[in-house]
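The block underneath contains the structure these notes are about, expressed in structure tokens.
The values are calculated or read from the model by the stated rules, or taken from the named source; none is laboratory data. Source: prediction; values computed, not measured. Ideal geometry is used to build each Cβ from the backbone, glycine not excepted, and the neighbour counts take in all protein chains shown. Surface accessibility is based on the protein's heavy atoms, side chains included, excluding ligands, DNA and RNA. Shrake-Rupley method; radii C 1.70, N 1.55, O 1.52, S 1.80 Å.
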Amino acid sequence: MKYGYVRCAAVSPKVKVADTVYNTCQIIKEVEKADKKGVFGLVFPELCITGYTCGDLFLQRTLLEGALDGLFKIKEASTELTPVIIVSLPFAFKGCLYNTAAVICGGEILGLVPKTYIPNYNEFYEKRYFESAFEGISTADIRGEEVPFGTNLIFTPEGCENASFAIEICEDLWAAVPPSSYHALAGADIIFNPSAGNEITGKSAYRRDLVKNQSARLISGYVYTCAGEGESTTDVVYSGHNLICENGRIIRENNIFEKGMIIGDIDTGLLDTERRRNTTFETYTGNYEYITFPYMWAENDGLLREIDPMPFVPHDEEKREERCREIIAIQAMGLKKRLEHVGVKNVVIGVSGGLDSTYALLITVEAFRLAGLDTKGIQTVTMPCFGTSERTHKNALDLCRVLGTSFKEIKIGDAVKKHFEDIGHNEEIHDLTYENSQARERTQVLMDLASRYNGFVIGTGDLSELALGFATYNGDHMSMYNVNCSIPKTLIRYLIKYFADFGGGELKDILYDILDTPVSPELLPPDKEGLISQVTEDIVGPYELHDYFLYCMMRLGFEPEKIFYTAKIAFKDKYDDKTIMKWLKKFYYRFFAQQYKRSAIPDGPKVGSVSLSPRGDWRMPSDACVSLWISRLEEIII
């Protein structure tokens with residue numbers, strides 16, 4: 001189990017109704033396949049040993065004995081196989097018949113879990129044969145073996161608490177309060193569900209949502225398998241629809257009527273982090289039996305799940321547009337509220353022709369529109385200095401004109417030079433003093449203009465810059481309200497593109513040119529050809545990497561080694577291991593060293609699940625040491 005990833009599988013083998021010998025052989029073949037794939041837990045459909053649609057044959061002792069024969073053959077086969085096997089069968093116990101799931105591993109039957117909710121409506125009439133699970137935990141004698149019997153069983157491989165799992169069967173999930181709700185609160189990280197729901201129009205979509213949403217509510221993994229080929233009989237058809245979900249996300253799914261096993265790696269480390277973060281996820285102290293068993297983990301190559309290199313950006317175009325609309329609405333409404341609360345009709349914003357100030361201006365215009373204010377109350381200011389290029393300067397001018405804002409150009413070069421003279425700095429030395437003096441002069445101009453116009457300053461710095469501390473303290477770091485504080489650099493491009501495509505015309509042309517301009521603070525003079533000489537990503541590293549690191553650390557709670565491991569997979573076709581390691585170390589160094597800036601940032605709207613506001617999601621001491629995180633990266637051999 002590397003970095004908490006637990007490999008699980010679901011399969012719907014072809015069965016022959018009531019042919020327990022054939023079905024058992026099919027089950028063992030599938031377990032052998034799963035074993036070669038390094039699967040930890042493999043679940044088969046409901047009553048798979050006999051077939052679900054046996055009808056009154058369930059009342060035949062011959063079928064029940066055949067099911068037990070199959071169970072013991074599977075048990076015997078498991079001595080040479082690695083996976084934990086969850087396989088379902090009818091089982092007679094104390095004068096009643098139960099629909100049960102057996103958990104088998106290493107030649108042992110670890111437990112038998114009966115179904116709680118027995119459907120008896122529409123095409124289902126299970127109560128004709130089966131009893132509902134009784135309360136409490138007992139032991140069942142299965143041909144001389146004493147086996148735990150009950151619904152409240154949680155199974156845990158030795159030394160791996162995060163891989164604890166429990167069972168619920170088919171209809172249990174469809175109940176108002178599924179048994180898995182208690183299982184998860186009692187410590188189960190993964191729920192396995194052997195099911196036999198038939199297929200009708202629209203049911204697969206409902207089933208998908210049900211499994212996905214239950215995994216979200218439980219902050220768990222959920223492995224669901226459904227009866228498939230061979231079960232279809234008389235009036236019903238079964239599709240073999242299988243799903244593996246994790247905390248509301250589908251990890252693997254097959255198409256209905258599609259054959260084959262689905263395998264996916266569930267991140268139990270992530271689940272553990274999410275449960276600890278969520279204070280409403282309270283421990284349930286009901287009557288549970290915890291069954292620990294020895295398990296030898298297989299070494300798996302690679303990872304059987306998608307690793308998204310851009311976690312802040314939806315890949316589906318339709319979903320991305322919907323997300324953009326939602327984000328823009330949140331930011332604009334937040335600013336609208338602040339305008340109304342302060343009671344002003346004017347704001348001041350510095351516009352450079354770069355991504356951040358462009359997007360902040362677009363949001364400000366939207367907020368003014370929502371508030372019914374004249375956009376002439378938006379005082380845009382461009383402040384060219386030593387590093388300003390003709391391209392960004394022109395884009396800033398054109399953007400303000402097209403958006404209909406008030407505009408002012410203030411050249412700050414002379415003021416900065418006077419400042420250099422006052423503090424005794426040689427302007428030929430292009431160091432941090434040279435750069436920060438420009439940033440602070442611009443902020444001073446904006447603040448004083450805000451006083452003059454009876455307004456306030458709109459901040460433009462984004463989430464990625466806050467994470468890296470790539471801002472001048474009390475310079476562009478400061479404002480009265482920062483609309484961009486929750487927007488990462490990888491997302492801001494798509495938001496501007498949304499405005500461009502929606503606005504069309506000249507605005508679209510300007511915005512697309514801004515999108516095509518290298519990201520730069522423009523604090524150093526242009527090169528001999530008048531082009532931007534200072535490219536941000538050459539200094540701090542690729543923003544797509546840093547945004548990925550930030551998301552993994554903040555949202556997923558990954559440790560440094562796990563971030564590196566997953567980043568190698570996510571960016572395997574773009575960056576080599578040394579490059580990823582170089583910038584990951586840089587990320588940690590900057591993130592820790594620059595916390596003092598984040599401890600003093602202005603208000604701004606929280607947009608996504610990652611926020612660095614000291615008043616919201618992130619409370620970190622400004623003097624925390626990074627050495628522990630770096631030392632763990634140093635141990636990795638590349």
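For the chain, with the dipole built from +1 on Lys and Arg beta-carbon atoms and -1 on Asp and Glu ones, taken about the Cα centre, which of 236, 129, 284 lies farthest toward the positive end? Checking the options against the dipole of the chain, the answer is 284. Shown in residue order for segment 267-282 are the 3J(HN,Hα) couplings computed by the Karplus curve 6.51 cos²θ - 1.76 cosθ + 1.60 at θ = phi - 60°: 8, 6, x, 4, 4, 4, 4, 5, 5, 5, 6, 7, 6, 8, 7, 9 Hz (x for Gly and Pro).
For the chain, the Cβ-based charge dipole about the Cα centre amounts to some 1220 debye (Lys, Arg positive; Asp, Glu negative; other atoms uncharged). Charge tally for residue 212 (other residues, Cβ to Cβ under 13 Å; Lys, Arg +1; Asp, Glu -1): +2. Considering only 613, 481, 631, and ranking their Cα positions along the charge dipole of the chain that arises from unit charges at the beta-carbon of Lys, Arg, Asp and Glu, the one farthest toward the positive end is 481. In this label model, residue 333 and residue 599 are separated by 3.4 nm, measuring between points 7 Å along each Cα→Cβ vector. Taking every lysine pair in segment 312-463 that is 8 or more places apart or spans two chains, those with Cα atoms closer than 25 Å amount to 15. Close amide H partners of residue 110, meaning residues 5 or more places away or on another chain with modelled amide H under 5 Å apart, are 103, 104, 105.
Extension gain, residue 321 to residue 138: 0.36 nm times the residue separation minus the Cα-Cα distance gives 60.4 nm. Measuring nothing but protein heavy atoms, the accessible surface of the chain at 1.4 Å probe radius is 49 percent carbon and sulfur. Taking amide H atoms as placed 1.01 Å from N in the peptide plane, the amide H of residue 142 lies under 5 Å from those of 147, each 5 or more residues away in sequence or on another chain.
In the chain, Cα pairs under 8 Å separated by at least six residues give a relative contact order of 11 percent. Prolate is the label for segment 271-422. Its Cα gyration tensor axes, ordered a ≥ b ≥ c, give a/c of at least 1.5 and a/b above b/c. Two decimals is fine: what is log10 I(q)/I(0) at q = 0.23 Å⁻¹ for segment 557-612, from a Debye sum with one equal scatterer on every Cα and no solvent? Once normalised to I(0) and log-transformed, intensities are -0.97. If R0 is taken as 60 Å, the Cβ-Cβ distance between residue 569 and residue 203 corresponds to a FRET efficiency of 0.95.
Expressed in whole Å with the largest first, what are the equivalent ellipsoid semi-axes of segment 473-587 derived from the C-alpha gyration tensor as the square root of 5 times each eigenvalue?
So the three semi-axes of segment 473-587 are 28, 19, 17 Å.
A dipole drawn for segment 1-157 from +1 and -1 charges on Cβ atoms has a positive end, and of 97, 144, 87 the residue lying farthest that way is 87. Average accessible surface for the chain: 43 Å² per residue, computed with a 1.4 Å probe over protein heavy atoms with every protein chain in place. Between residue 285 and residue 427, the contour length at 0.36 nm per residue exceeds the Cα-Cα span by 44.2 nm. Put simply, the amide H of residue 169, placed in the peptide plane, has neighbours under 5 Å in 116, leaving out anything fewer than 5 places away on its chain. Cα extents for segment 405-555 along the principal axes, largest to smallest and rounded to whole angstrom: 45, 36, 35. Only helices enter this figure: runs of n ≥ 4 DSSP H residues, each worth -39500 (n - 2.57), summed and divided by the residues of the chain, yield -12000 deg cm²/dmol at 222 nm to the nearest 500. Solvent-accessible surface of protein heavy atoms, probed at 1.4 angstrom with all chains present, puts 590, 207, 369 in the order 369, 590, 207, largest first.
Largest accessible area first, the residues 116, 405 order themselves as 116, 405 under a 1.4 Å probe with ligands, DNA and RNA left out. Under 1.5 on a/c is rounded, so check that first for segment 93-209, then, if it is not, pick prolate when a/b is larger than b/c and oblate when it is not; a ≥ b ≥ c are the square roots of the alpha carbon gyration tensor eigenvalues. Verdict is oblate for segment 93-209. Along segment 432-444 the Karplus relation, 6.51 cos²θ - 1.76 cosθ + 1.60 evaluated at θ = phi - 60°, assigns HN-Hα couplings of 5, 4, 4, 6, 5, 4, 5, 5, 6, 5, 5, 5, 4 Hz to successive residues, with x for each Gly and Pro. A Förster distance of 41 Å, applied to the separation of the beta-carbon atoms of residue 128 and residue 301, puts the FRET efficiency at 0.25. For segment 381-452, a simple Cβ point-charge model (Lys and Arg +1, Asp and Glu -1, everything else neutral) yields a dipole of about 460 debye relative to the Cα centre. So if I take the centroid of the Cα atoms in segment 1-29 and the same for segment 334-366, what is the distance between those two points in Å? Comparing the Cα centres of segment 1-29 and segment 334-366, I get a distance of 58 Å. A Förster radius of 25 Å combined with the Cβ-Cβ distance from residue 37 to residue 255 puts the calculated FRET efficiency at roughly 0.80.
For residue 22, the shell of other residues with beta-carbons less than 14 Å away shows a net charge of -1, using +1 for Lys and Arg and -1 for Asp and Glu. Charged side chains reduced to their Cβ positions (Lys and Arg at +1, Asp and Glu at -1) give segment 481-590 a dipole of some 600 debye around its Cα centre. The packing ranking of peptides 17-24, 623-630, highest mean first, is 17-24, 623-630, where packing means the average number of other beta carbon atoms within 10 angstrom of each residue. Output the antiparallel fraction of DSSP beta bridges having both residues in the chain, as a percent to the nearest 5. Antiparallel: roughly 55 percent of the beta bridges in the chain. Computed 3J(HN,Hα) for segment 377-393, one whole-Hz value per residue from the Karplus formula 6.51 cos²θ - 1.76 cosθ + 1.60 where θ = phi - 60°, is x, 8, 8, 8, 10, 10, 10, x, 8, 4, x, 5, 8, 4, 5, 5, 4, glycine and proline marked x. Annotation: segment 427-498 has a Kirkwood hydrodynamic radius of 13.4 angstrom, from the mean reciprocal C-alpha pair distance.
Partner lysines whose Cα lies under 19 Å from the Cα of residue 574, excluding those fewer than 8 positions away in the same chain, are identified as 489, 562, 582, 585, 586.
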